[in-house]
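Below: the structure, in structure tokens.
The values are calculated or read from the model by the stated rules, or taken from the named source; none is laboratory data. Remember, predicted model here, so these are calculated numbers, not experimental data. All Cβ positions, even for glycine, are placed from backbone atoms using ideal geometry, and neighbour counts span all protein chains on display. Accessible surface is based on the protein model in full, side chains and every heavy atom, while ligands, DNA and RNA are left aside. Shrake-Rupley method; radii C 1.70, N 1.55, O 1.52, S 1.80 Å.
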Amino acid sequence: MHRRSEPPFRADHVGSLLRPKALLEARERFAAGALDADGLREVEDNAIRDAVAMQEEIGLQAATDGEYRRTSWHMDFIYQLGGVTKTDEQIRVRMINAEGEGAFTSAGLAVTGKVRLEKPIFADAYRFLAEQTTNAVPKLTIPSPSMVHYRGGTAAIDKGIYPDVEEFWADLSAAYADEVRALADLGCRYLQLDDTSLAYLNDPAQRAEMTAKGEDADHQHLRYIKQINAAISGRPADMKITTHMCRGNFRSSWAAEGGYDFVAEALFGELDVDGFFCEFDDERSGGFAPLRFVPPGKQVVLGLVTTKTGKLENADDLKRRIDEAAKYVPLEQLCLSPQCGFSSTVEGNAITQEEQVAKLRLIVQVAQDVWG
């Protein structure tokens, strides 16, 4: 075994980090009109510098900006796509945790024009991140094109704009292809497409919800795979693209349950990414058997360390679980990470900054023990 020189890395992480207190306070002041945009950006910049320094000091080979400039992992991006409009209707996603039920809510979205990339999204954020890294690869995370459809469904697409839904899919993938090219031109060589839909669709309850909305739930993952492949087909040969799939992450809550079995054969066999970040932190995520469909040359980043609670995992337990996964895909093709981000939305999970750092250190330590 050996340390990987290209993404995804043996010790990696999904992307979002807990927002520091100073940043949360600055956001509140900005919302209240007591801080201008330049003042907020200065606080964000300082927080990102600290976050990058922390990741590099721990020994991570990739560093993100913690998604510190975002309110949520996906909606900030989606609303910037041309043709996508924020609506007064609310998206409500039922979320569950050990204490009961809650919900993630966001403004709705509608496709009211031709979907297009009007300007590169998160370009300034990537530039700043790249300027801060010294020995880590700057990693950018964006929502998968699937999420534009999964959040609103076909009902959110104006039939006057797209009488043939195939034109919507073609434009969506083309807009993402433009984004990928723009990021590549900026020097981005590690891009992650976050996609909860490909994990949600393993849950019969989620498929039933989609069917009730008039969608072809049993084949929706095939459509998503096709469109992601179209979006990334023109990437440079040295640009590594991964996808992260989890079952929801909001204030230590989740939205779906079930293993990857329903989508596994098509997902692992056909999706043209370089690596798969998979959630495997508890029984809700299912077993490792679906990994038998992973072909040679693709990496699987095992999300064995939970971001939902602060309790630190045992290193030997993690090593045993890596050994279990290696029964289905060679150890050489495995890596280790948390199962999700620590703060998919600005509120963050029920975990402290110290616990977050301890978990990232543990991942680096275990990866060194297992792969060298």
request  = Report, to the nearest whole %, how much of the accessible area of the range 202-308 belongs to carbon and sulfur atoms, 1.4 Å probe, protein only.
outcome  = 49 percent
ask   = Separation of the range 241-289 and the range 30-88 by C-alpha centroid, Å?
value = 25 Å
ask   = From the list (1) -0.98, -1.28; (2) -1.17, -1.47; (3) -1.06, -1.48, can you say which value of log10 I(q)/I(0) by the Debye sum over Cα atoms at q = 0.13, 0.15 Å⁻¹ was derived from the structure given?
value = (3)
query = So if we plug the beta-carbon distance of Ala174 and Arg292 into 1/(1 + (r/R0)^6) with R0 = 35 Å, what FRET efficiency do we get, rounded to 0.05?
reply = 0.55
task = Please identify, among Ala184, Ala130, Ala32, the residue showing maximal mean-square fluctuation in a Gaussian network model of the chain using a 10 angstrom Cα cutoff.
result = Ala32
request  = Can you work out the accessible area per residue across the range 155-202, with the rest of the protein chains kept in place, probe 1.4 Å, in square angstrom?
outcome  = 34 Å²
ask   = What is the set of long-range amide H partners of Ile91 at a cut-off below 5 Å, with H atoms built 1.01 Å from backbone N?
value = Ser106, Ala107, Gly108
query = Rounded to a whole number, what is D in µm²/s for the range 269-372 from Stokes-Einstein with the Kirkwood radius over alpha-carbon pairs (4 °C, 1.567 mPa s)?
reply = 91 µm²/s
inquiry  = If each residue of separation counts as 0.36 nm, what is the full-extension length gain between Arg251 and His2 once their alpha-carbon separation is subtracted?
reply    = 86.1 nm
task = Hey, can you grab everything whose amide H is under 5 Å from the amide H of Val137? Only 5+ residues off in sequence or another chain; H modelled, so Pro and N-termini drop out.
result = Ala62, Ala63
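Full-extension gain between Thr112 and Lys213, please, as 0.36 nm times their residue separation minus the C-alpha to C-alpha distance.
Length difference between fully extended and current span is 34.4 nm.
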message = Could you tell me the relative contact order of the range 161-305? Use alpha-carbon pairs under 8 Å, at least six residues apart, and round to a whole percent.
response = 25 percent
inquiry  = Could you derive backbone 3J(HN,Hα) for the range 209-223 from the dihedral phi with the Karplus parameters 6.51, -1.76 and 1.60 (θ = phi - 60°), listing whole Hz in sequence and x where the residue is Gly or Pro?
reply    = 4, 5, 4, 4, 8, x, 8, 8, 4, 5, 10, 4, 5, 5, 4
request  = Note the full-extension length gain between Arg41 and Thr85 as 0.36 nm times their separation in residues minus their Cα-Cα distance, in nm to one decimal.
outcome  = 13.3 nm
